[in-house]
Amino acid sequence: MSTILRGTTPALRIGIDQNDFLVSDVAKLEIKIWQESEVNQLDYDLESVTVDTENNAFEIKFTEEQTLAFVASKPLYWQMRCKFADGSIVGTAVSEPISIARLKSRTVLTE
């Protein structure tokens with residue numbers, strides 16, 4: 001995902017190479033999503049993401065309200081850590097920036 005349009009409900013999919021680990025083996029998950037100011041930080045754990053064992057991925061579905069809160073002039077980033085039953089922890093570097101596209105409309109459709 002390289003761009004998110006404000007006011008939409010996209011999904012952020014974080015695919016994991018099966019040679020690294022299986023998402024089904026993760027005992028605890030931490031995903032942080034933020035913009036440069038870190039004011040709008042979103043926090044996710046195993047209970048708040050979809051665990052896609054078939055494609056070995058985690059998926060986060062954004063709400064309309066969340067994407068409307070993103071600032072169009074600032075990129076979005078994410079970073080993840082996973083803990084396994086044996087106590088080992090792996091993590092990712094900060095993601096590549098995700099652009100936030102402006103939305104001309106000011107109407108909330110989910111009301």
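Where a number appears in this text, it was derived from the coordinates with a stated rule and is not lab data. Here the structure is a predicted model, which is why all the values come from computation and not from measurement. Virtual Cβ from ideal backbone geometry, glycine too; neighbours counted across all protein chains shown.
Mind checking the stretch 63-111 for trypsin sites (Lys or Arg not before Pro) that DSSP puts in a loop (not H, G, I, E or B) and that have at most 15 other Cβ atoms within 10 Å?
The qualifying sites are Arg102, Lys104, Arg106.
Taking loop as defined by DSSP and a crowding limit of 16 other beta carbons within 10 Å, which GluC sites (Glu not before Pro) in the stretch 20-58 fit?
Glu36, Glu38, Glu54
Lys104: which aspartates and glutamates have alpha carbons under 16 Å from its alpha carbon, excluding same-chain residues fewer than 8 sequence positions away?
By straight Cα distance, Lys104 reaches Glu64, Glu65.
Which of Leu68, Val26, Tyr44 sits closest to the plus end of the dipole of the stretch 3-96, meaning its Cα is farthest towards the positive end, when Lys and Arg get +1 and Asp and Glu get -1 on the C-beta?
Selected residue: Leu68.
Compute the separation of the alpha-carbon centres of the stretch 1-62 and the stretch 77-111 and state it in Å as a whole number.
If we compute the Cα centre of each part, the gap is 6 Å.
Report, ordered by chain and residue number, the lysines lying within cross-link reach of Lys83, taken as a straight Cα distance under 16 Å and ignoring same-chain residues fewer than 8 apart.
Lys28, Lys32
Report, in deg cm²/dmol and to the nearest 500, the calculated mean residue ellipticity at 222 nm for the chain, where each DSSP H run with n ≥ 4 adds -39500 (n - 2.57) and the sum is divided by the residue count.
Helix-only estimate at 222 nm: -1000 deg cm²/dmol.
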